[in-house]
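A.B. asks: If you scroll down you'll find the structure; I have some questions about it.
The values are calculated or read from the model by the stated rules, or taken from the named source; none is laboratory data. Because the structure is predicted, anything quoted here is derived from the model rather than measured. Because the Cβ atoms are built from the backbone with ideal geometry, glycine has one as well, and the counts that use them run over all protein chains shown. SASA here: full protein model, heavy atoms, side chains in, ligands and nucleic acids out. Shrake-Rupley method; radii C 1.70, N 1.55, O 1.52, S 1.80 Å.
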Amino acid sequence: MSDRPRVSEHGEQPLTYGKYVGGFLGSVFLTLCAYWVAVHGTARLSVLEVSLAILAVVQFVMQMLLFLHVGEEHGPRWKLAAAGFMLMILLILVGGSLWIMNNLSTRMTPQQMDQYLRSQDSL
Amino acid sequence: MNEELVLEQRREHEATQKTIVGFWVYLMTDCVLFASLFAVYAVLHGNTFGGPSGHDLFHLPYVLVETFALLMSSFTCGLAMLATQRRARNEVLFWLFVTFCLGALFLGLELHEFANMVHDGNSWRRSGFLSSYFVLVGTHGTHITFGLLWMAVLGGYVWKRGITDSIRKRLTLFSLFWHFLDVIWIFIFTIVYLYGSIGV
């Protein structure tokens, strides 16, 4: 058993301590940064919002690379392709929902909304 | 003879790779599920119906402890995978046990938080905001619960049979699932708790 060639099941590259330790320390650091920004940040709300989003995305990318080993495959990169497709669906789904709902809430007064809801038989 | 062995190993390796890609596709569809729940939360989080908002409800230091429990369990799960690669059975069992305890700690803290909120009359029936909050965070918690169950079963397998090829494959799939749940938590932590506390 033990003299079989060692092929990592994740991709072709063997797992290493460095990646996990780096990913862990980086995530701890980014989490603490985000926490600090939320608790002690004094900038304008939109600035805080954007910096928290950036910290989350950086941590997301880091964990995808170091913990989930995205992009380490050889040959056709199915995992990367699936992740890319997921991101596209995600953007359409979340962005689209927010867009439509914001549009509705800016274009309709609460009275109009109420009237519309009442006009729907099922509600 | 030797060539046959090599061929067989290659076939086995390819089958394993296919399983992993299949599982990965499942994880990505799960991401879409979470994305839709995040969209619901983003739309509804302002609709508190006169009830408390995230700013009133969330206690950030508590959530930070939860976050670190889950992050550390993701890390120790990685250490279990490194031990699996070396086929060190006892080390795998040790790290799986640590991962399980940290995951259980996370789940316990989350359930305690939920129980407190429901006890104070702020259950999912209170407002649109709380409905979407409980569905989003609760779905993540459900995943964690099943992850813990899966981990216990895998631990039992390793205990009985040691590190075989089939168990290595299952541990790999499990580690993907567990790391994935930590990735989802990054966004719950940021969008639900941190945004909630600064009042966005």
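A.B. asks: For segment B:20-159, what is the relative contact order in percent, using Cα pairs closer than 8 Å and at least 6 residues apart in sequence?
C.D. replies: Working: 105 pairs, mean separation 47.4, N = 140.
After rounding, I find 34 percent.
A.B. asks: Let me ask something else about it. Could you run the numbers on buried accessible area between A and B, total for both chains, 1.4 angstrom probe, in Å² to the nearest 100?
C.D. replies: On the way: alone 10270 and 11140 Å², together 16680 Å².
In total, this chain pair buries about 4700 Å².
A.B. asks: If you project the alpha carbons of the protein assembly as shown onto the principal axes, what extent comes out on each, in Å, largest first?
C.D. replies: In descending order, the Cα extents are 81, 39, 36 Å.
A.B. asks: List the chymotrypsin sites (Phe, Trp or Tyr not before Pro) within segment B:29-73 that fall in a DSSP loop (any state other than H, G, I, E or B) and whose Cβ has at most 13 other Cβ atoms within 10 Å. Before the final figure, lay out each step's value.
C.D. replies: On the way: sites: B:Phe34, B:Phe38, B:Tyr41, B:Phe49, B:Phe58, B:Tyr62, B:Phe68; in loops: B:Phe49, B:Phe58.
Taking segment B:29-73 and a limit of 13 other Cβ atoms within 10 Å, the loop chymotrypsin sites (Phe, Trp or Tyr not before Pro) found are B:Phe49.
A.B. asks: Another question about this same structure. Would you kindly derive the ³J(HN,Hα) couplings of segment A:19-25 from the backbone phi angles with the Karplus curve 6.51 cos²θ - 1.76 cosθ + 1.60 (θ = phi - 60°), listing them in order in whole Hz, with x for Gly and Pro?
C.D. replies: Running phi through 6.51 cos²θ - 1.76 cosθ + 1.60 with θ = phi - 60° gives 5, 5, 5, x, x, 5, 4 Hz.
A.B. asks: To the nearest 10 degrees, how steeply does helix B:128-161 sit against the main Cα axis of chain B, on a 0 to 90 scale?
C.D. replies: 20
A.B. asks: Here's a follow-up. Convert each backbone phi in segment B:37-45 into a coupling constant with the Karplus relation 6.51 cos²θ - 1.76 cosθ + 1.60 (shift: θ = phi - 60°), then list the ³J(HN,Hα) values in order as whole Hz, x for Gly and Pro.
C.D. replies: 5, 5, 4, 4, 4, 4, 6, 9, 5
A.B. asks: Have a look at segment A:42-95 and give its Rg and Dmax from the Cα atoms, expressed in angstrom.
C.D. replies: 14.6, 48
A.B. asks: Further question: Given a 1.4 Å probe and heavy atoms of the protein chains only, how would you sort B:Ser175, B:Ser36, largest accessible area at the top?
C.D. replies: Numbers: B:Ser175 0, B:Ser36 40 Å².
Result of the area sort, largest leading: B:Ser36, B:Ser175.
A.B. asks: Any chance you could look up the accessible area of B:Glu14 with a 1.4 Å probe, heavy atoms only, rounded to 10 Å²?
C.D. replies: 100
A.B. asks: Scan segment B:91-200 for trypsin sites (Lys or Arg not before Pro) in coil per DSSP, keeping those whose Cβ has at most 11 other Cβ atoms within 10 Å, and list them by number.
C.D. replies: Passing sites in segment B:91-200 are B:Arg125.
A.B. asks: Now for a separate question. Rank B:Phe100, A:Phe29, B:Phe106 by accessible area, highest first, at a 1.4 Å probe radius?
C.D. replies: On the way: B:Phe100 70, A:Phe29 130, B:Phe106 0 Å².
Largest accessible area first, the residues go A:Phe29, B:Phe100, B:Phe106.
A.B. asks: Calculate, for segment A:36-81, the solvent-accessible area per residue in square angstrom, rolling a 1.4 angstrom probe over the heavy atoms of the protein chains.
C.D. replies: On the way: 2540 Å² over 46 residues.
Per-residue value: 55 Å².
A.B. asks: In whole Hz, what ³J(HN,Hα) sequence does segment A:31-38 give by Karplus (6.51, -1.76, 1.60; θ = phi - 60°), x for Gly and Pro?
C.D. replies: Per-residue couplings from phi come out as 5, 5, 4, 4, 4, 4, 4, 5 Hz.
A.B. asks: Would you jot down the residues in segment B:1-16 that end up with at least 50 Å² less accessible area in the complete protein assembly than in the chain alone, with a 1.4 Å probe?
C.D. replies: B:Gln9, B:His13
A.B. asks: Percent of Cα-Cα pairs more than 22 Å apart in chain B, please.
C.D. replies: Details: 10811 of 19900 pairs.
So the portion of pairs separated by more than 22 Å is 54 percent.
A.B. asks: Something else: How large, in percent, is the carbon and sulfur part of the accessible surface of the protein assembly as shown at a probe radius of 1.4 Å? Write down the numbers at each step before the final one.
C.D. replies: Details: 11240 of 16680 Å².
After summing per-atom areas, the C and S share lands at 67 percent.
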